[in-house]
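Chemist: Quick one: structure below, then a few questions.
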Amino acid sequence: MQEPVSGDTNMASPPLKTSVVNPAANPRRMRRIIAEDPEWSLAIVPHLSELCLQHIISNFEKNPVVDRLLPEHQRKVLDRISTGLPLTVTANLISDEGYWKRCCTERWEVCDVSRYGGSWKRMFFERHLESILKYFIPNTTDPNQVLEVIPLCKEYVRKLEIDQFLPPVKLDQNKEEDDMSDSGSDVGVDEFCMHHYDLGVLTAALSHLEELHLTYGVKDCGMNFEWSLFDFTYQDCCSLANAFKKCHTLKVFKLCRSKVDDEKTRVLIRNLLDHPCLVELDLSHNLIRDRGARAIGKLINRSKLEILNLCNNRIRAPGAQAIAHALGKNSTLTSLNLRINCIEDEGGQAIGHALLTNATLTSIHLGGNELSEPTATLFSQVLAQNTALTSINLACNHIGLDGGKQLLEGMSDNKTVTEFDLRLAEVGQESEYLINQALKANQEIARLKTLYQPNSLEEKSPELD
């Protein structure tokens with residue numbers, strides 16, 4: 001046999017060993033070959049537990065199963081069930097905050113849970129109920145919309161802020177006239193058709209309701225504006241007053257920008273006398289005059305009120321005197337706001353005399369009340385004697401230079417007032433500067449008290465043990 005000669009290119013080289021590549025060994029290449037779905041996996045059949053969870057989620061409305069699941073399975077179900085499920089299914093079954101957070105954020109753009117005690121579930125039910133009431137149209141909206149949701153939300157609602165009440169829809173003017181002529185009634189159409197939703201049933205059922213903020217009016221009415229859209233009728237007032245009787249847990253009541261006059265104020269106050277829980281009353285931006293203020297003065301000493309806001313009403317000196325008379329005997333009120341009324345010096349001096357004996361009021365706001373030097377002279381005595389006041393506001397009055405000097409003299413003997421607003425009070429730059437210096441000293445004293453008071457309590461606690 002002839003041996004191969006070196007360098008002979010005609011001779012065939014021995015066959016090379018080729019390795020067979022398994023396509024399934026490379027998942028990326030396998031996905032390209034088998035499917036273009038990026039979620040494709042060799043695990044074609046899901047686990048049985050996953051199939052069961054999918055079935056529970058898709059049929060949750062018909063068969064809501066949560067409590068009997070393992071904790072990790074509960075988490076998966078609550079994270080994946082729809083937020084559009086009927087409240088009749090979820091309200092009293094699901095307490096998970098994560099689920100209610102999804103419900104809130106998907107429905108509203110702005111969600112500040114800190115205003116609702118940190119509870120997403122409370123936020124959802126309060127805002128859901130508020131939305132129903134804001135858009136409830138008497139004689140048009142089905143009352144069952146409210147009645148059906150009450151059992152679902154009554155355990156979670158603590159506060160309601162309703163900034164509009166819609167009136168009934170007006171019929172065509174010609175049709176109204178025909179109906180009135182046929183009935184022979186002399187009562188005007190607006191007189192009986194402009195009443196709003198009665199909150200009586202609601203307040204009786206909400207056993208945990210503590211705050212109620214109301215404004216009778218219509219928002220965003222545009223070119224449909226009519227003054228009648230902003231009426232708080234006498235019947236509305238009576239209905240609201242009766243609702244107070246059924247709500248024994250109410251602590252804060254605010255009725256602002258609702259045209260509340262003296263007559264309506266007296267009706268409301270009559271039903272608030274001796275209320276067991278009310279601590280804050282806000283009737284600001286209304287039409288309250290002296291008769292209404294006298295009724296409020298009576299309430300001050302027949303309730304547990306701590307905060308009273310009567311800003312921007314029409315109270316004059318007699319009304320302020322009635323409030324001052326009650327203030328002199330009161331031992332619970334801590335804040336009084338009479339800003340933008342017209343009590344003048346006669347009313348301001350009456351309140352000043354009351355503050356000489358009152359030992360609980362910490363904040364008084366008398367800005368924009370046509371006050372002048374006589375009131376400042378009396379408040380100089382208040383500053384020297386009263387040790388409870390920490391905040392005084394006399395802005396936008398005519399205190400004058402001499403009045404400013406009187407207040408400065410009083411501040412020189414005061415160690416408790418930390419806020420004193422004298423803007424636009426014409427007291428002069430020098431007096432205002434020196435008063436501000438005294439305030440800074442008082443603020444430092446207050447800061448040191450709060451700084452060392454806890455330490456002193458800690459030092460005393462071992463002795464008590």
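Chemist: If you rank 142, 67 by how much accessible surface each has, with a 1.4 Å probe, what is the order from largest down?
Modeler: Listed by decreasing accessible area, they come as 67, 142.
Chemist: Could you calculate the contour length gain from residue 201 to residue 291, that is, 0.36 nm times the residue separation minus the distance between their Cα atoms, to one decimal place in nm?
Modeler: The span from residue 201 to residue 291 would gain 29.4 nm if fully extended.
Chemist: Going by accessible area, probe 1.4 Å, with all protein chains left in place, what is the ranking of 329, 246, 254, largest first?
Modeler: Putting 329, 246, 254 in descending order of accessible area: 329, 246, 254.
Chemist: Continuing with the same structure: What is the spin-label model distance, in nm, from residue 331 to residue 74 if the labels are put 7 Å beyond Cα along the C-beta direction?
Modeler: 5.0
Chemist: While we're here: Give me the 1.4 Å probe accessible area per residue for segment 48-111, excluding ligands and nucleic acids, in Å².
Modeler: Result: 63 Å² per residue.
Chemist: Hey, another quick one. Heads up, I need the accessible area for residue 280: 1.4 angstrom probe, whole protein in place, Å², nearest 10.
Modeler: Near enough 40 Å² of accessible area.
Chemist: How far is it, in nm, from the label point at residue 424 to the one at residue 227 when both lie 7 Å from their Cα along the line to the Cβ?
Modeler: Result for the modelled spin labels: 2.7 nm.
Chemist: Tell me the accessible surface of residue 275 in square angstrom (1.4 angstrom probe, heavy atoms of protein chains only), to the nearest ten.
Modeler: About 10 Å², ignoring ligands and nucleic acids.
Chemist: What accessible area, in Å² to the nearest ten, does a 1.4 Å probe give for residue 95?
Modeler: 90
Chemist: Show 120, 227 ordered by accessible area, largest first, where the area counts protein heavy atoms only and the probe is 1.4 Å.
Modeler: Most to least solvent-accessible, the answer reads 227, 120.
Chemist: I've got another one for you. Can you tell me which lysines have their Cα less than 21 Å from the Cα of residue 264? Leave out same-chain residues fewer than eight positions away.
Modeler: 245, 246, 251, 254, 298
Chemist: Report, in whole Å, the centroid distance computed from the Cα atoms of segment 302-337 and segment 72-108.
Modeler: After rounding, the separation between the Cα centres reads 46 Å.
Chemist: Mind running the shape call on segment 48-111? Use the C-alpha gyration tensor, a ≥ b ≥ c as the square roots of the eigenvalues: rounded below 1.5 for a/c, prolate if a/b tops b/c, oblate otherwise.
Modeler: prolate
Chemist: Right, next: Between residue 137 and residue 48, what FRET efficiency comes out of the Förster formula 1/(1 + (r/R0)^6) with R0 = 45 Å and r the beta carbon distance, rounded to 0.05? Could the numbers behind the result be given before it?
Modeler: Details: r = 52 Å, r/R0 = 1.15.
The pair residue 48/residue 137 has a calculated efficiency of 0.30.
Chemist: What relative contact order, as a whole-number percentage, does segment 48-111 give when Cα pairs under 8 Å and 6 or more residues apart are counted?
Modeler: Relative contact order for segment 48-111 comes out at 28 percent.
The values are calculated or read from the model by the stated rules, or taken from the named source; none is laboratory data. The structure presented is a predicted model; accordingly, all values stated were derived computationally and were not measured. Cβ coordinates were reconstructed from backbone atoms using ideal geometry, including for glycine residues, and neighbour counts include every protein chain displayed. These area figures cover heavy atoms from the full protein model, side chains too; ligands, DNA and RNA do not enter into them. Shrake-Rupley method; radii C 1.70, N 1.55, O 1.52, S 1.80 Å.
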